Amino acid sequence: MKLPVYDVLIIGAGIVGAACATACAAEGLSVGVVEAEIIGGGATAAGMGHLVVMDDSEAQFALTRYSQTLWQRLSAELPPDVEYEGCGTIWVAADAEEMRAVTEKRYFYESRGVPAEILDARALHEAEPNLRAGLPGGLLVPQDAVIYAPCAARFFIEQAQSRGAQLHHPRVVTEIAPDGVRLDDGTSIVAQSIVVAAGTWSAKLLPGIEVRKREGHLVITDRYPGFVRHQLVELGYLRSAHSLTSESVAFNIQPRKTGQMLLGSSRQFDKDSTAVDHAILGRMIARAEEFIPNLGCLSAIRTWTGFRAATPDKLPLIGPMPGYENLFLATGHEGLGITTSLGTARLLVDQLLQRTSEIPTAPYLPGRVYENVHA
Ligand SMILES: Cc1cc2nc3c(=O)[nH]c(=O)nc-3n(C[C@H](O)[C@H](O)[C@H](O)COP(=O)(O)OP(=O)(O)OC[C@H]3O[C@@H](n4cnc5c(N)ncnc54)[C@H](O)[C@@H]3O)c2cc1C
């Protein structure tokens, strides 16, 4: 039997693998994609779809800002079901101390070319009347946006296919071999380069890498158009997202184009079950009610969980894997993989084609963490 041969074989058709597939195909590379389940059905389907510039570190900022500008440029081409909505983010301060953090955050963004506007108590109330009275203010970052990520993943795969990419689906990669991959039906695929974009499953394929599951809960409500108008995130979210304790919750609510409200978010390490944990869900809703007292008037229609792929230093792994010939990683994006999928795809293609990237690649290279797990 003749084996398929590709320039690049991508394992995983979540938003990261799908973005890599379309970027590679656009460069004229022959591309194969193997997906075990539904396109965009992993963490991509579980996430909030907030396209957000973050300032936890210079490296995180560079990749999120780069990606956000790529999303903005692409937005006119996205099909309606991707639901791109430039609603902006308001980082909500809960007290005077957080209001000081708002000023610092604004300086960080503006000094790097990201528009950001401080809202005082009155401006915040006018922008979001359902927030509790008496909050001191917040920071509006108007260029942040929201999408429905599973449809974006499907769109990227269709774009790649229109340029000749082949989808092997549903098929599980069971082994990475020096010349390609083996599949669960016993067949093999030969490829010049292999890209592991398997999200939280990446460590199963490459047991030497450390990508840890970090569970999150979300709740979606019935339709209440205009209940909130921006993605609202408490400033304390950063503490929750970046704490290394096993459990945390933070207030985070998003208006969907459908008029529904999507409520997050929780973070839990070391959980394997996808079942809803009612204790942490209760904490998450109680936290949100501290910011939006009449939240309880909305009716929730679905609750679910998903797993983020967390790395030890909270930055993704993008680039060649030390110790392997032509094996690349595009994984470990934790809670920012929808935002950073487009930047990841650009950096990855640049490395495959040995070109210089528009932003420095060193902070994301797997070589920063791994020397030679294979040898
Ligand atoms: C609750 C929650 C909220 C989030 N909110 C946001 C947000 O607002 N903004 C943001 O930017 N990010 C957010 N994220 C993070 C984001 O969802 C992820 O970082 C992103 O979806 C990761 O995409 P991925 O393609 O790497 O992984 P996945 O979407 O998990 O895709 C991996 C794919 O690989 C396939 N696969 C695995 N193993 C194999 C194999 N052996 N063979 C073949 N196929 C295989 C899987 O079936 C899967 O489809 C959130 C995540 C969660 C859980």
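The values are calculated or read from the model by the stated rules, or taken from the named source; none is laboratory data. Just so it is clear, the structure is predicted and the values come from calculations on it, not from any experiment. Note: ideal-geometry Cβ built from the backbone for every residue, glycine included; neighbour counts use all protein chains shown. When the accessible area is computed, the model is the full protein with side chains, heavy atoms only, and any ligands, DNA or RNA have been set aside. Shrake-Rupley method; radii C 1.70, N 1.55, O 1.52, S 1.80 Å.
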Inset, instruction - Among residues belonging to the stretch 26-47 that are among the aliphatic types (A, V, I, L, M) and buried (at least 24 other Cβ atoms within 10 Å of the Cβ), point out the one that is nearest to the chain's Cα centre (by Cα). - result: ALA43
Inset, instruction - Could you tell me whether the stretch 190-202 includes any residue that is more than 21 Å from the chain's Cα centre (by Cα) and within 13 Å of the ligand (Cβ to nearest atom)? - result: yes
Inset, instruction - Please indicate, with yes or no, whether at least one residue in the stretch 66-79 is under 26 Å from LYS314 (Cα atoms), in contact with a Phe, Trp or Tyr (Cβ under 9 Å, 6 or more places away or on another chain) and open to solvent by less than 20 Å² (accessible area, probe 1.4 Å). - result: yes
Legend entry - Selection count, the stretch 1-56, where residues are within 13 Å of the ligand (Cβ to nearest atom), part of a strand (DSSP E or B) and either under 22 Å from ASP179 (Cβ atoms) or at pLDDT below 95 (or both): 6
Inset, instruction - For the stretch 276-294, indicate whether the set of residues that are within 21 Å of GLY40 (Cβ to Cβ), of a type in the set (A, V, I, L, M, F, W, C) and either touching a residue at least 12 places away in the same chain (Cβ under 8 Å) or surrounded by 22 or more Cβ atoms within 10 Å (Cβ to Cβ) (or both) is non-empty. - result: no
Inset, instruction - Please go through the stretch 207-227 and pick out each residue that is of a type in the set (A, V, I, L, M) and surrounded by fewer than 21 Cβ atoms within 10 Å (Cβ to Cβ). - result: ILE209, ILE220
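Looking at ARG100, ARG73, which is the one that is within 16 Å of ALA19 (Cβ to Cβ), away from the ligand (no atom under 16 Å from the Cβ) and assigned to a helix (DSSP H, G or I)?
ARG73
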Inset, instruction - Look through THR331, THR339 and report the one residue that is within 11 Å of the ligand (Cβ to nearest atom), in contact with a helix residue (DSSP H, G or I) (Cβ under 8 Å, 6 or more places away or on another chain), farther than 19 Å from ARG212 by Cα and touching a residue at least 24 places away in the same chain (Cβ under 8 Å). - result: THR339
Inset, instruction - Name every residue in the stretch 186-214 that is of a type in the set (Val, Ile, Thr), in a loop (DSSP other than H, G, I, E, B) and under 15 Å from LEU315 (Cα atoms), in order of residue number. - result: ILE209, VAL211
Inset, instruction - Identify the residue in the stretch 348-359 that is open to solvent by less than 20 Å² (accessible area, probe 1.4 Å) and in contact (Cβ under 8 Å) with a residue 40 or more places away in the chain and, among all such residues, is farthest from the chain's Cα centre (by Cα). - result: VAL349
Inset, instruction - State the number of residues belonging to the stretch 295-317 that are away from the ligand (no atom under 12 Å from the Cβ), closer than 14 Å to LEU263 by Cα and open to solvent by less than 70 Å² (accessible area, probe 1.4 Å). - result: 5
Legend entry - Residues of the stretch 93-122 classified as under 18 Å from TYR237 (Cα atoms), open to solvent by 80 Å² or more (accessible area, probe 1.4 Å) and acidic (Asp, Glu), total: 2
Inset, instruction - Give the residues of the stretch 123-140 that are open to solvent by 60 Å² or more (accessible area, probe 1.4 Å) and in contact (Cβ under 8 Å) with a residue 40 or more places away in the chain, sorted by residue number. - result: ARG132
